[in-house]
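The values are calculated or read from the model by the stated rules, or taken from the named source; none is laboratory data. Just so it is clear, the structure is predicted and the values come from calculations on it, not from any experiment. Every residue, glycine among them, receives a Cβ derived from its backbone with ideal geometry; neighbour counts consider all protein chains shown.
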Amino acid sequence: MRRVKRLFVAADIDDATRAQIEIISRSLRDAIDTRTRASWVRADRMHLTLQFFAAADAALEERLMAALGDAFDAPSFDLSFDGLGFFPERGSPTLIKGGVLHSREAEQPQPEPVS
């Protein structure tokens with residue numbers, strides 16, 4: 001049987017951004033019905049997901065680890081957030097996500113994706 005994992009590649013966010021997201025998160029928690037079963041990500045675990053792999057097998061995990069290795073520093077870049085979205089789009093949401101506006105700095109050439 002082939003075992004798969006859910007993996008993602010993410011960028012850390014700065015403390016000021018994390019604090020702003022926490023304010024929005026707290027407002028959402030206060031507005032949602034208390035009977036709703038929801039878990040909330042702690043502010044120190046918030047991140048910007050760059051790529052999500054819903055069903056990564058061991059071979060993909062190895063390629064990702066080889067390509068990315070340990071955490072590394074990269075030049076910072078500015079992003080603007082616009083609105084909230086939900087996943088999945090139908091049914092009960094399991095994830096609330098912030099929309100990211102276009103960023104010229106994020107368009108800079110990047111390494112080839114791992115597949």
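Within the range 12-53, being of a type in the set (Gly, Ala, Ser) and under 13 Å from the mean Cα position of the chain (by Cα) holds for one residue alone: Ala43.
Applying the condition of being assigned to a loop (DSSP other than H, G, I, E, B) and of a type in the set (Val, Ile, Thr) to the range 87-115 and asking which residue is modelled with the lowest pLDDT yields Val114. Restricted to the range 30-50, and to residues there that are part of a helix (DSSP H, G or I) and either in contact with a Leu (Cβ under 7 Å, 6 or more places away or on another chain) or hydrophobic (A, V, I, L, M, F, W, C) (or both), the residue that is nearest to Gly98 (Cα to Cα) is Ala43.
Yes/no per residue for (1) loosely packed, with under 12 Cβ neighbours inside 10 Å; (2) not in a helix (DSSP H, G or I); (3) not aromatic (Phe, Trp, Tyr):
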| residue | (1), (2), (3) |
| --- | --- |
| Leu7 | no, yes, yes |
| Ala16 | yes, no, yes |
| Ile24 | no, no, yes |
| Leu28 | no, no, yes |
| Phe52 | no, yes, no |
| Asp73 | yes, yes, yes |
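All of (1) modelled with pLDDT of 85 or more; (2) farther than 23 Å from Val4 by Cβ hold for Thr34 with one exception: (1). As a summary of the residue check, Gly83 satisfies the conditions (1) on the phi > 0 side of the Ramachandran plot; (2) of a type outside the set (Ser, Thr, Tyr); (3) assigned to a loop (DSSP other than H, G, I, E, B) except for the one numbered (3). Remark: pairs (first residue in the range 76-87, small (Gly, Ala, Ser); second residue outside any strand (DSSP E or B) and at pLDDT below 80; Cβ separation under 8 Å; 6+ apart in sequence or on different chains) = Ser80/Leu101; Ser80/Ser103.
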